[in-house]
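Structure first, commentary second.
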Amino acid sequence: VRVPMQMGIALAKGLSERFGVDVRLKWPNDLLLGRQKLGGILVEARAGDEPDDGFAIVGVGLNMGCTRAELDAAGLPDATSLHLAGVLDLTIADATGSITESCSSLELGRANMVSDSCERTASARRPG
């Protein structure tokens, strides 16, 4: 429970500060702008035999440049995007930079050592 909560709070705070919007965490894994879903978090964790042998993998989905028409066409009337919130000219590098900074701000032992790998695994795709 600790990793998803800390990650969600860190991402909401980091995205808010970086892009000037009010992102909130709706437990357990939704990132909201107002009452609309901006993105989500998925954490997969495994405990190891020793206290320091466990790991957690965090996945983040973020609606960046979607228009209202695209979200509606995808059947996502309750979703929003950073573009719709007024964050224009946004690149994947901007978003992954914010996510990386948010990950790095956490004190989760070795987990924060691999936070920069999210830049290598980021991809762009349509909502849905």
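Read the figures in this text as sums done on the coordinates, not as results from a lab. Everything quoted here is computed from the prediction, not taken from an experiment. Cβ coordinates were reconstructed from backbone atoms using ideal geometry, including for glycine residues, and neighbour counts include every protein chain displayed.
Relative to the compact-globule estimate of 2.2 N^0.38 Å, the Cα radius of gyration of segment 55-94 comes out at 1.36. Sketch the reach of a paramagnetic label on residue 30 as a point 7 Å from Cα along Cα-to-Cβ, and name the residues of segment 44-63 whose backbone nitrogen lies under 17 Å away. Under 17 Å, as judged by backbone N against the label point of residue 30, lie 61-63 of segment 44-63. Can you compute the modelled spin-label distance between residue 74 and residue 94, with each label point 7 Å from Cα toward Cβ, in nm? Spacing of the two 7 Å Cα→Cβ label points: 1.7 nm.
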